[in-house]
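Below: one structure, written as structure tokens.
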Amino acid sequence: MEELIKKTAAEQRKALLNKEISAVELVNAEYKRIEEIDDKLGAFNSLCKEQAIETAKEVDKKIASGESLPPLAGIPLALKDNINFKNTKTTASSKILENFVSPYDATVAVKLKENLIPVLGKVNLDEFAMGSSTENSAFKITRNPRDTNKVPGGSSGGSAAAVAGCEATLALGSDTGGSIRLPASFCGIVGMKPTYGRVSRYGLIAFASSLDQIGPFARNVEDCALLLEAICGHDKHDSTSLNIPVPAFSKALNNDIKGSKIGVIKELLAEGVSPDVKKAIESAIQKYKDLGAEIIEISLPLLKYSIGVYYILATAEASSNLARFDGVKYGYRTKDAKNLLEMYTKTRAEGFGDEVKRRIMLGTYALSAGYYDAYYKKAQQLRSLIKSDFDKAFEKVDILLSPTCPNTAFEIGSKIEDPLSMYLTDIGTISANLAGIPGLSLPCGFDTDGMPIGLQLLAPALKEDKLFNMAYNFEQATDFHNKRPNI
């Protein structure tokens with residue numbers, strides 16, 4: 001059983017269909033694993049055992065009666081704690097929502113239920129998804145399963161740690177500026193940000209609405225593709241949801257990539273990239289050459305502005321989205337306010353953490369009278385130019401390639417006092433959110449300390465099938481995805 005929880009979803013499904021194990025036994029094995037190691041990892045904020053067991057029982061009933069099942073039925077999943085799941089706590093890892101219980105399901109939660117995927121519990125994140133290390137949670141620090149003295153990345157650090165640490169086979173996270181791809185890179189698993197609008201945001205606690213996107217984590221590319229298939233689709237509850245058919249992403253795997261054109265992003269392999277990361281990426285480029293792909297150097301000259309553009313637009317949207325947390329209708333309310341204004345002020349001062357306050361203030365400043373044109377409007381104009389840089393690049397190549405991050409996972413506490421250094425961690429990932437394109441991180445090596453290195457692949461909007469196929473071909477030609485942490 002201990003070996004089975006370390007397997008892929010496809011292998012677990014085979015064991016379920018062959019009746020070597022029941023779905024209830026698989027779910028219970030994951031709970032046993034959580035009980036054994038989560039005090040070391042700190043991935044889970046809460047568990048929803050009753051609901052998970054109910055779903056597993058339904059799967060077992062259908063297997064016993066010979067009914068056909070969705071591809072991921074019975075496969076245990078961890079859900080980021082900013083996605084609403086009815087009758088469970090949804091906290092966004094913030095004191096202000098510490099005791100909030102979801103009265104409804106996010107659209108992705110409905111789809112998980114339809115696909116009979118048991119949700120084990122809600123996993124930790126940087127408060128309101130603001131951070132790159134999962135140290136900004138109000139409740140706990142999540143640790144990297146490869147080395148518990150290091151961060152798992154953020155903001156979806158709990159999701160990545162749970163999958164890498166074999167506490168869940170799959171997970172969902174959200175990606176606003178790299179919050180799926182960065183933790184996937186740091187923890188040595190596969191993480192994917194879909195095209196903006198591909199997955200409904202209804203029921204996701206909003207950080208920056210024009211950038212947020214829910215996406216999958218898995219231990220290999222095939223599982224990742226299957227999970228994205230399960231959660232995609234048009235949703236009338238989300239005005240940005242795209243009304244287009246959902247492709248069978250998992251059917252696009254293992255198509256020949258001979259003659260494909262891969263663009264290596266020059267700016268993301270320049271200064272600041274650690275020697276270990278550079279070596280692993282160069283080795284990955286060589287592997288693609290061996291597989292028959294054509295490698296072309298691509299320059300995205302406006303990429304250097306992406307951090308500045310992101311931290312104006314994302315914080316502006318956050319200052320608007322987080323205005324609803326004021327102690328009036330739900331969430332935390334201060335105990336000793338003398339009037340309404342004091343209640344607002346004290347509730348927010350006591351309920352929000354430092355990073356969230358920092359970003360609300362930055363965003364409010366950028367939107368304020370006299371500064372709107374100089375900051376917010378200019379950032380929107382630059383965003384359009386960054387997107388057109390990508391459009392031009394994709395006229396020449398099928399896929400773009402870069403390191404997911406210039407470095408591997410860093411020590412807990414080493415960057416938390418230096419916000420700018422922390423923000424620069426996302427230099428490789430942010431631009432995909434600004435352009436609305438899909439991006440995927442998969443393991444491509446290890447540094448001298450044995451920490452995973454992530455390879456990022458980017459595709460034009462709605463070309464997730466190309467992305468998965470390109471990633472799958474690399475994965476099949478290497479063995480990095482099979483290395484499990486020893487925890």
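Being under 22 Å from A162 (Cβ atoms) and among the charged types (D, E, K, R) is the requirement here; does K396 meet it?
No; evaluated as a whole, the condition is false for this residue.
Can you find, within region 433-455, the residue that is farthest from N486 (Cα to Cα) among those that are in a strand (DSSP E or B) and under 14 Å from the mean Cα position of the chain (by Cα)?
Per the stated criteria, the residue is G439.
Does at least one position in region 408-420 carry a residue that is over 21 Å from M470 (Cα atoms), of a type in the set (V, I, T), part of a loop (DSSP other than H, G, I, E, B) and modelled with pLDDT under 95?
Yes: one or more hits.
Checking L424 against (1) in a helix (DSSP H, G or I); (2) modelled with pLDDT of 95 or more; (3) surrounded by fewer than 20 Cβ atoms within 10 Å (Cβ to Cβ), only one condition comes out false. Which one?
(2)
What are the residues in region 330-388 that are part of a helix (DSSP H, G or I), over 21 Å from V309 (Cβ atoms) and not acidic (D, E), if any? Write out each step before concluding.
The initial filter retains those residues of region 330-388 that are part of a helix (DSSP H, G or I), namely 340-351, 354-367, 373-388.
From what is left, the residues that are over 21 Å from V309 (Cβ atoms) are 340-351, 354, 357.
Passing the criteria: L340, L341, M343, Y344, T345, K346, T347, R348, A349, G351, K357.
Taking L120 as meeting all but one of (1) farther than 27 Å from P70 by Cβ; (2) surrounded by 24 or more Cβ atoms within 10 Å (Cβ to Cβ); (3) touching a helix residue (DSSP H, G or I) at 6+ places or on another chain (Cβ under 7 Å), write down the number of the exception.
(1)
Among the residues of region 124-145 satisfying the criterion of being part of a loop (DSSP other than H, G, I, E, B), among the aliphatic types (A, V, I, L, M) and surrounded by 24 or more Cβ atoms within 10 Å (Cβ to Cβ), which is nearest to the chain's Cα centre (by Cα)? Give the steps one after another, and end with the answer.
Our first condition is that a residue be part of a loop (DSSP other than H, G, I, E, B); within region 124-145, this holds for 124-126, 130-143, 145.
Imposing the further condition that a residue be among the aliphatic types (A, V, I, L, M) reduces the set to 125, 130, 138, 141.
Those left that are additionally surrounded by 24 or more Cβ atoms within 10 Å (Cβ to Cβ): 125, 130.
On the way: L125: 10, M130: 12 Å.
Ranking the candidates gives L125 first.
Where residues in region 8-21 are outside any helix (DSSP H, G or I) and touching a residue at least 40 places away in the same chain (Cβ under 8 Å), which of them is surrounded by the fewest Cβ atoms within 10 Å (Cβ to Cβ)?
K19
Suppose we keep only residues that are out of contact with any strand residue (DSSP E or B) (no Cβ under 6 Å at 6 or more places or on another chain) and of a type in the set (S, T, N, Q) within region 347-405. Which one would you say is farthest from A316 (Cα to Cα)?
S388
Can you tell me which condition L400 does not meet? The list is (1) buried (at least 19 other Cβ atoms within 10 Å of the Cβ); (2) out of contact with any Gly (no Cβ under 6 Å at 6 or more places or on another chain), and all the others hold.
(2)
Take region 464-487 and flag every residue that is touching a Pro at 6+ places or on another chain (Cβ under 7 Å) and under 27 Å from I386 (Cα atoms).
E464, D465, L467
Given the criteria out of contact with any Pro (no Cβ under 7 Å at 6 or more places or on another chain), closer than 22 Å to S137 by Cβ, surrounded by fewer than 19 Cβ atoms within 10 Å (Cβ to Cβ) and among the polar types (S, T, N, Q), does N339 qualify? Let's see the steps before the verdict.
On the way: out of contact with any Pro (no Cβ under 7 Å at 6 or more places or on another chain): yes; closer than 22 Å to S137 by Cβ: no; surrounded by fewer than 19 Cβ atoms within 10 Å (Cβ to Cβ): yes; among the polar types (S, T, N, Q): yes.
The answer is no for N339.
For region 26-48, indicate whether the set of residues that are more than 29 Å from N486 (Cα to Cα), modelled with pLDDT of 95 or more and crowded, with 23+ Cβ neighbours inside 10 Å is non-empty.
Checking region 26-48: not a single residue is more than 29 Å from N486 (Cα to Cα), modelled with pLDDT of 95 or more and crowded, with 23+ Cβ neighbours inside 10 Å.
Test of understanding: among N321, N339, N407, which residue is free of Cβ contacts under 8 Å to residues at least 12 places away in the same chain and of a type outside the set (D, E, K, R)? Talk me through it step by step, then tell me what you get.
Details: N321 fails: free of Cβ contacts under 8 Å to residues at least 12 places away in the same chain; N407 fails: free of Cβ contacts under 8 Å to residues at least 12 places away in the same chain.
Among N321, N339, N407, only N339 is free of Cβ contacts under 8 Å to residues at least 12 places away in the same chain and of a type outside the set (D, E, K, R).
On the given criteria, is D465 in a loop (DSSP other than H, G, I, E, B) and of a type in the set (D, E)?
no
Applying the selection to region 406-420, what residues are under 23 Å from K193 (Cβ atoms), out of contact with any strand residue (DSSP E or B) (no Cβ under 7 Å at 6 or more places or on another chain) and polar (S, T, N, Q)?
N407
A quick yes/no check of all residues on (1) closer than 24 Å to N473 by Cβ; (2) among the β-branched types (V, I, T):
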| residue | (1), (2) |
| --- | --- |
| H234 | no, no |
| A248 | yes, no |
| K251 | yes, no |
| A270 | no, no |
| G292 | yes, no |
| I296 | yes, yes |
| R324 | no, no |
| G331 | no, no |
| K338 | no, no |
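So that you can scan it fast, the table gives a plain yes or no per residue for (1) more than 25 Å from the chain's Cα centre (by Cα); (2) assigned to a loop (DSSP other than H, G, I, E, B); (3) not polar (S, T, N, Q):
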| site | (1), (2), (3) |
| --- | --- |
| G272 | no, yes, yes |
| K278 | no, no, yes |
| I285 | no, no, yes |
| K289 | yes, no, yes |
| E297 | yes, no, yes |
| Y305 | no, no, yes |
| V309 | no, no, yes |
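The values are calculated or read from the model by the stated rules, or taken from the named source; none is laboratory data. These numbers were taken from a predicted model, which means no experiment stands behind them. With ideal geometry, Cβ positions are generated from the backbone for all residues, glycine too; neighbour counts draw on all protein chains shown.
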